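Dumping the structure here so I can ask a few things about it.
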Amino acid sequence: MLSPLLPLLMVLGSSVVYAASDDKPYGGRLQVETVKDQSVTDDGKTIQYPLTEHPQVKTLRIQIPSGKETGWHYHSFPGYGYVLAGTMEVILENGRKNRYETGEAIYEIVKIPHNGRCISTIPCDLIVTFTSAEDVPVTVMVPPMEESSAQ
């Protein structure tokens, strides 16, 4: 009687073991550190994944010389970044400023103009991955904001 149930019990038992080991990913064989864990972008808006018939994931490495800036732009899709080196300051159109240091994660602001500046003495080096759609730009440049509105 137990033999037909044995495969089911094995699957259920291994699922419980797998779920319970979530606090030690990869069975504890690797060092794993959560860099950032939140359900909102860095301006506090809920993260929303794009609905599209033609999904695409795009990863960019962005290098910004010390003292230089990205220029005013917005992102059409969610992006998730990591600062490999340097210190970035991102100014939003409403004047809010976000600062990102080496080793910190960025949850890109979507559809709101902002400008990034490398404020460290060393160049800023970033990796950013966007969940997007084929043939749609992930970054759209916009005319510069007035400095008084960005302060």
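Rule-based calculations on the coordinates, nothing more; no lab input. Everything quoted here is computed from the prediction, not taken from an experiment.
With θ taken as phi - 60° and the coefficients 6.51, -1.76 and 1.60, list the Karplus ³J(HN,Hα) couplings across region 71-76 in order, rounded to whole Hz; mark glycine and proline as x.
My calculation for region 71-76 gives x, 5, 7, 9, 10, 6 Hz in order.
Report, in listed order, any pair from 45/111; 58/97; 36/68 with a Cα-Cα distance greater than 18 Å. Could the numbers behind the result be given before it?
On the way: 45/111 11 Å; 58/97 26 Å; 36/68 26 Å.
Beyond 18 Å between Cα atoms: 58/97; 36/68.
Normalised by the empirical 2.2 N^0.38 Å for globular proteins, what value does the Cα Rg of region 19-128 take?
On the way: Rg = 15.8 Å, N = 110, 2.2 N^0.38 = 13.1 Å.
So region 19-128 has a normalised radius of gyration of 1.20.
Spelling out what I want: for every residue of region 127-135, take phi, set θ = phi - 60°, compute 6.51 cos²θ - 1.76 cosθ + 1.60 (Karplus), and round to whole Hz; glycine and proline get x.
10, 10, 10, 10, 8, 9, 10, 4, 6
Under 14 Å between alpha carbons, and skipping anything fewer than 8 positions from residue 24 in its own chain: which aspartates and glutamates qualify?
Of all the aspartates and glutamates, those that pass the test against residue 24 - Cα under 14 Å, at least 8 places apart if same chain - are 33.
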